[in-house]
1. Spelling out what I want: for every residue of the stretch 92-107, take phi, set θ = phi - 60°, compute 6.51 cos²θ - 1.76 cosθ + 1.60 (Karplus), and round to whole Hz; glycine and proline get x.
2. Determine, for the stretch 1-101, the count of lysine pairs separated by eight or more sequence positions (or lying on different chains) whose alpha-carbon distance falls under 22 Å.
3. What FRET efficiency comes out for the pair TYR101/ASN10, r = Cβ-Cβ distance, R0 = 41 Å, nearest 0.05?
4. Which trypsin sites (Lys or Arg not before Pro) in the stretch 1-84 pass both tests, a DSSP loop state and at most 10 other beta-carbon atoms within 10 Å?
5. Treat every Asp and Glu Cβ in the chain as -1 and every Lys and Arg Cβ as +1, leave all other atoms uncharged, and give the resulting dipole magnitude about the Cα centre to the nearest 20 debye.
6. Find which of LEU68, GLN52, PRO97 sits farthest along the positive direction of the dipole of the chain, computed with +1 on the beta-carbon of Lys and Arg, -1 on that of Asp and Glu, about the Cα centre.
7. Most fluctuating residue of ASP32, ASP42, ASP66 in a GNM of the chain with Cα springs under 10 Å: which is it?
8. I need the phi-derived Karplus couplings for the stretch 55-60: 6.51 cos²θ - 1.76 cosθ + 1.60, θ = phi - 60°, integer Hz, Gly and Pro marked x.
Amino acid sequence: MELLNSKLVNKIEYPVKVLQFGEGNFLRGFVDWMINKANNKDQFKGSVRIVQPLENGLVNLLNNQDGLYTLISQGLQKGEVVREKEIISCIEKGVNPYTDYNNYIESAKIPELRFIISNTTEAGIAYNPGEK
């Protein structure tokens, strides 16, 4: 199976308006899904830059697919069973601060940035007096 990429999907490039700490399933399947829905209705016109909170995170997998991934939703809607597949395209890219610290710092300086979102667990947040 071919990986998702910008050549297969018509991905609209929007300015980064959201800096998101965490790349887990909840943020991608809920928050980013809502941003994607708003973009599809021309109501937000922004993208998300993800910061990987743990050293061995997932942003390399997202970046390998140009920030694209498939979300599968299933459940009941008006009493009927539904199962939908949707390609989420609002991720601009992911940044690993452990390997690209300067890009991480520059992410906070994006002029269009309006929102910071985090769902990082206590495992991803630790004080280390030796770090910057």
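Any read-out appearing in this document is the output of simple, stated calculations on the displayed coordinates, not a laboratory observation. Since the model is a prediction, treat every value here as computed from it, not as a measurement. Cβ coordinates were reconstructed from backbone atoms using ideal geometry, including for glycine residues, and neighbour counts include every protein chain displayed.
1. Ordered by residue, 3J(HN,Hα) equals 6, 5, x, 10, 9, x, 6, 10, 9, 4, 4, 5, 4, 5, 5, 4 Hz.
2. 22
3. Working: r = 33 Å, r/R0 = 0.81.
According to the calculation, E is roughly 0.80.
4. Sites meeting the loop and neighbour criteria: LYS7, LYS41, LYS78.
5. Working: 15 positive and 16 negative charges, 83 e Å.
For the chain, the charge dipole is close to 400 debye.
6. Working it through, the farthest residue towards the positive pole turns out to be LEU68.
7. Maximum among the listed residues: ASP42.
8. 4, 9, x, 10, 5, 5
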